[in-house]
Amino acid sequence: MQHLVDTIKRKTDDGELDKLVTELDQNLDKIRMSVSKLSPRIFETLPIANYTLGLCYLIATKAVIGTPKEDTIFMMQRILQEFDVKQARLASRKFGVIINIFTKQKIEDNQAKLVMPLLLSVLNKFQISKHHLTPIHSAYLSCALTCKRYAAASKLLKHQILEIEPSITGLTPKDMLLFYYYGGMVHCGLKNWDEAVRFFSIALTVPAHVLSSIVIESFKKYLLVGYLAEGKILKIPKHASVVVSRSLESFATQYIDFLNTLTSGEKMGKDFMRSTKSNETFKKDNTIGLTLQCIEAKKRRKIQELTSTYLTIGLSNIAELVNVNEKEVESLLLQMIENGEIRATISQRDAMVVFTDADDQTIEEAMKELNSKMAEAVELSNRMKEMDKKSITFRRIYMPYVTSYR
Amino acid sequence: TTTKKKKKRNIKKNMDLMIDDESFSLKTYIEGYKGPIRVKRLLTIAKTTDNELQQKQAVELAVEELQKNKNILEYEEVIEKYGKYGLIRDEDWIEKTRREHIDELQRLEAEESSARNNNLSHELRAAKKALGHFHWRTGDSKKALTYLMKMNEGYSRPEDIVEMAVEVIQVALYLKNYSIVNQYVSKALQSGEKIRDKVTTSLLDIATGIAMMGNGSYGAAAGRFLLADIVVADKLRTVCTVEDVALMGTFCALASFTRKQLNDPEYAVVQANTKNQTHVLSLLNNTLFTNFLDSMPEVRALATAYFNSNFSVVFKMYPSLEKRMKLGYHINGKVQRDFYKKAREKAIKQYVTPFHSVDMNVMAPEFACSVAALEKELAHLIRKRSITARIDSHKKILYAPLSDQRSRTLNRIQALSKSYVIDTQNHLLRMNVSKHKDFLVNHTKAANTTKKQFI
């Protein structure tokens, strides 16, 4: 143990951080055997701000062994509060491990809410840019989901993730999968179905040689949310790895059957709702809420279709076409009008509904929105050009093909 | 106008004659056909009619024909199936015919082998043709086909190929084997012979038309039928009659043609199969097809009424013509239903287009249905986007849409810009992820087995 501490001290003081990393990586077994004696007193010999790198290795190795005890948790917390960014990035893998285990433990101890501000400050310090994904993202989201703080979570999700840099950020594929899965769940909670679909579909397209259970769960939710967003059964994105696209459907047969019944146009009775509520698979996957929302959505979608076919229609007619009983129709319509899903007026005397047309958006509003979108698009295309320059067109191996040089 | 009115009344009378007084027309109807197809037609009628008298007559005529053809197998079948009409097997006839059958077959086969052994190609062809016809007549049409298809063993001139193709097509149509029909039509057309004979070209066109109709391509089928020349009438009798062609051609056209194509001589539908001629090819303004329509003036009346948007007449006349279609051999149930569905959909479209608003109470009787049924139908068509309109279910009026192109365009632009941004972001992310070649979901270090493990 003492030998390790000395090595860390010496190498760090000499500024040979890269060499330190190599040496530590080669001696992982030694570290594993020595860390049982590790305690918070180490901070007296190795203050965190100066020796973050070495400390990350030591603490991470200890944390992985069994369940972390109180002083290990304390050590992890101190590191997260006082780490030095440069050194943490060099030890990024271990740093990521610390984050994940720390968060997991805090969630189990029901202290997720307290931990969130800490994680946010770690993120701000550690991040390369707002567009890079880190393990801290997924850890933060899992806390937010546990204590249902969707607003805080969606604030984080506002920034578009465009890049990853695993060597600097310590991101593992599992972190990425979790981020997109949790992100999709957050959007589900906020009922942003389009965004949720997007997040789940990105989870499905992470490159893979092996099918992961996170991907399977994402797929199940992807199907359900896809129906809520677009009213149809979505296909697996074509960019998904072969392994994923080939075998995924066999793990979600209940969901596909469920959605097939919904989209088949048959009339569904109360039995269907009852059988869905008691479905074992849905219960196990915790997806009963979503499935029931899908059944609701079907009625709403049908009503929305009616707005494009009819100008006025009787309430009894709607009830028949949408397969709802008459008393429900009026309340359902009222709900939808209040949500802004349809524009209509109900005449109770005639038992008729009149669908009105949308107010035309003024040109000014439309142009404002378009301008902002165009700015975004221009920025994106600049990024693409940069990427193109850096990694594609001007690389040596492609030069002969791009120019006429052979 | 008075003469027109008179004509209409007369036409209706003739139609009534056809339907009610079937016993009269059945014989003349069947006289129009020649060969084994007569039997098939009669049996189809016997199967589909609900009129017992008509059925009895059809069966009796069929038995007569079968005896004429010396077709023992089918004779026995028919007698057994329709025994309730008191028909008994004529055992003596069966014995005698069986012997005759064997004799004839031996003779023909001898002729064939002698021609083969003496290398007389012309006689060989004739012998094969005779054998083909013999088998077709006596009920083994599959064997007939094999003989006819091999008619041109060895060297054959282009005109021989065409002749063989025509023979094969006749039997193939009898068997309703449309793929063989198509095959042999193209064989005939590619034989290198410039077919100048109008009879043959019309026959090939009609055959192709029937095949296309059977496969559901009504527009193409109509184009084919409209090329036919009336001179083919006699040769055609082994396949169908002139009236049948009129029916099939018209209904295919009504199911698929635009209004312009129905009448306007400028709108040629299809090029003629001979490369040096193009014909005028609309339905109503057609110098060739008008001869066919002469044989069934009620069909012409229906088509004219359809073109003139006189839909009350159309849908009143339709049921009786449907009965006539049912007798047809090549128009099966699905084709019939398609005809009705498509013609009706186009009729509704044609009716609705010029108006800003349409009162469904006025429209319904024109289309021979109730207002409620019409509303359902219109809603279905709107959902299918066949017509753009909106229904006022309270006042029962159909409104044409107000075109608000500006807001529609704005919406589309907004949707497009949003999806562009999202797609590009997803793309960038994917590219950046794939840049790191080792960044992918893989087996955990603990998994040393070859089985796939879940992480």
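The values are calculated or read from the model by the stated rules, or taken from the named source; none is laboratory data. Remember, predicted model here, so these are calculated numbers, not experimental data. Cβ coordinates were reconstructed from backbone atoms using ideal geometry, including for glycine residues, and neighbour counts include every protein chain displayed. Ligands, DNA and RNA are excluded from the accessible area calculation, which covers all protein heavy atoms including side chains. Shrake-Rupley method; radii C 1.70, N 1.55, O 1.52, S 1.80 Å.
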**Message:** Please verify whether B:D423 is facing another protein chain (nearest Cβ under 8 Å) and out of contact with any helix residue (DSSP H, G or I) (no Cβ under 8 Å at 6 or more places or on another chain), treating the condition exactly as stated.
**Reply:** no
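Quick grid of which residues meet (1) among the basic types (K, R); (2) at pLDDT 80 or above; (3) within 25 Å of the chain's Cα centre (by Cα):
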site: B:L17; (1), (2), (3): no, no, no
site: B:D20; (1), (2), (3): no, no, no
site: B:S25; (1), (2), (3): no, no, yes
site: B:E31; (1), (2), (3): no, yes, yes
site: B:R38; (1), (2), (3): yes, yes, yes
site: B:T44; (1), (2), (3): no, yes, yes
site: B:E52; (1), (2), (3): no, no, no
site: B:V59; (1), (2), (3): no, yes, no
site: B:V63; (1), (2), (3): no, yes, no
**Asked** What number of residues in segment A:82-115 are without any contact (Cβ under 8 Å) to a residue 60 or more places away in the chain, crowded, with 23+ Cβ neighbours inside 10 Å and not in a helix (DSSP H, G or I)?
**Response** 1
**Item:** Subset of segment B:400-413 [modelled with pLDDT under 85 and either open to solvent by 40 Å² or more (accessible area, probe 1.4 Å) or facing chain A (nearest Cβ under 7 Å) (or both)]
**Value:** B:P401, B:L402, B:S403, B:D404, B:Q405, B:R406, B:S407, B:R408, B:T409, B:L410, B:N411
**Request:** Just need a number here: residues in segment A:57-74 that are out of contact with any Ser or Thr (no Cβ under 8 Å at 6 or more places or on another chain) and closer than 21 Å to A:M116 by Cα.
**Result:** 7
**Scan of segment B:328-356 for residues that are under 21 Å from B:L26 (Cα atoms) and open to solvent by less than 30 Å² (accessible area, probe 1.4 Å), ordered by number** = B:G328, B:Y329, B:H330, B:I331
**Prompt:** Restricting attention to segment A:61-72, and to residues there that are in a helix (DSSP H, G or I) and more than 26 Å from the chain's Cα centre (by Cα), which single residue is nearest to A:Q26 (Cα to Cα)?
**Reply:** A:T61
**Qualifying residue in segment A:325-339 (condition: open to solvent by 20 Å² or more (accessible area, probe 1.4 Å), within 14 Å of chain B (Cβ to nearest Cβ) and outside any helix (DSSP H, G or I))** = no
**Asked** Residues in segment B:68-94 that are open to solvent by 100 Å² or more (accessible area, probe 1.4 Å) and free of Cβ contacts under 8 Å to residues at least 40 places away in the same chain: how many?
**Response** 8
**Conditions (1) open to solvent by less than 10 Å² (accessible area, probe 1.4 Å); (2) more than 21 Å from B:V441 (Cα to Cα); (3) more than 14 Å from every other protein chain (Cβ to nearest Cβ); number of the one not met by A:A196** = (3)
**Request:** Please work out which residue is farthest from B:T250 (Cα to Cα), limiting yourself to segment B:287-298 and to residues that are modelled with pLDDT of 80 or more and assigned to a loop (DSSP other than H, G, I, E, B).
**Result:** B:L288
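Could you pull out the residue among A:Y140, A:Y150, A:Y181 that is within 13 Å of chain B (Cβ to nearest Cβ) and of a type in the set (F, W, Y)?
A:Y181
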**Message:** in a helix (DSSP H, G or I), surrounded by 15 or more Cβ atoms within 10 Å (Cβ to Cβ), without any contact (Cβ under 8 Å) to a residue 60 or more places away in the chain and at the interface with chain A (Cβ under 8 Å from one of its Cβ atoms): is that true of B:S434 in this structure?
**Reply:** no
**Request:** Check whether at least one residue in segment B:2-10 is over 23 Å from B:Y318 (Cβ atoms) and at pLDDT 80 or above, and report yes or no.
**Result:** no
**Message:** Let me confirm something: among A:A229, A:A240, which residue is without any contact (Cβ under 8 Å) to a residue 40 or more places away in the chain, part of a helix (DSSP H, G or I) and within 14 Å of chain B (Cβ to nearest Cβ)?
**Reply:** A:A229
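How many of the residues making up segment B:35-67 are of a type in the set (K, R) and either more than 26 Å from B:E95 (Cα to Cα) or open to solvent by less than 40 Å² (accessible area, probe 1.4 Å) (or both)?
Going through segment B:35-67 one residue at a time, the tally reaches 3.
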**Fill in**
Every listed condition ((1) of a type in the set (A, V, I, L, M); (2) under 16 Å from A:A63 (Cα atoms); (3) at pLDDT 85 or above) holds for A:V21 save (2)
**Complete:** Flagged in segment A:204-226 as among the hydroxyl-bearing types (S, T, Y), without any contact (Cβ under 8 Å) to a residue 40 or more places away in the chain and more than 7 Å from every other protein chain (Cβ to nearest Cβ), in numbering order, are A:Y222
**Message:** Name the residue that is nearest to the other protein chains (Cβ to nearest Cβ), counting only residues in segment A:243-255 that are of a type outside the set (S, T, N, Q) and loosely packed, with under 15 Cβ neighbours inside 10 Å.
**Reply:** A:R246
**Complete:** A:F219 vs (1) under 12 Å from the mean Cα position of the chain (by Cα); (2) assigned to a helix (DSSP H, G or I): all pass except (1)
**Asked** Which residues, taken from segment B:370-399, are within 10 Å of chain A (Cβ to nearest Cβ), in contact (Cβ under 8 Å) with a residue 12 or more places away in the chain, in a helix (DSSP H, G or I) and farther than 23 Å from A:Q348 by Cα?
**Response** B:L378, B:A379, B:L381
**Message:** I need the full set of residues from segment A:116-143 which are outside any helix (DSSP H, G or I), open to solvent by 10 Å² or more (accessible area, probe 1.4 Å) and out of contact with any strand residue (DSSP E or B) (no Cβ under 9 Å at 6 or more places or on another chain), in order please.
**Reply:** A:Q127, A:K130
**Prompt:** How many of the residues in segment B:203-241 are more than 15 Å from the chain's Cα centre (by Cα) and surrounded by fewer than 24 Cβ atoms within 10 Å (Cβ to Cβ)?
**Reply:** 9
**Single condition B:I102 does not satisfy, out of (1) open to solvent by less than 70 Å² (accessible area, probe 1.4 Å); (2) part of a helix (DSSP H, G or I)** = (1)
**Prompt:** Taking segment A:304-324, which residues are free of Cβ contacts under 8 Å to residues at least 12 places away in the same chain, open to solvent by 20 Å² or more (accessible area, probe 1.4 Å) and facing chain B (nearest Cβ under 9 Å)?
**Reply:** A:E305, A:S308, A:N317
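If I ask for residues that are touching a Lys or Arg at 6+ places or on another chain (Cβ under 7 Å) and under 14 Å from B:L66 (Cα atoms), which ones from segment B:90-107 would you list?
If the condition is that a residue be touching a Lys or Arg at 6+ places or on another chain (Cβ under 7 Å) and under 14 Å from B:L66 (Cα atoms), then B:T97, B:H101 are the ones that fit.
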**Message:** Tell me yes or no: at least one residue of segment A:31-39 is part of a helix (DSSP H, G or I), open to solvent by 90 Å² or more (accessible area, probe 1.4 Å) and more than 20 Å from A:I101 (Cα to Cα).
**Reply:** no
**Prompt:** Scanning for something assigned to a helix (DSSP H, G or I), out of contact with any helix residue (DSSP H, G or I) (no Cβ under 8 Å at 6 or more places or on another chain) and among the small types (G, A, S), does segment B:70-93 turn up at least one residue?
**Reply:** yes
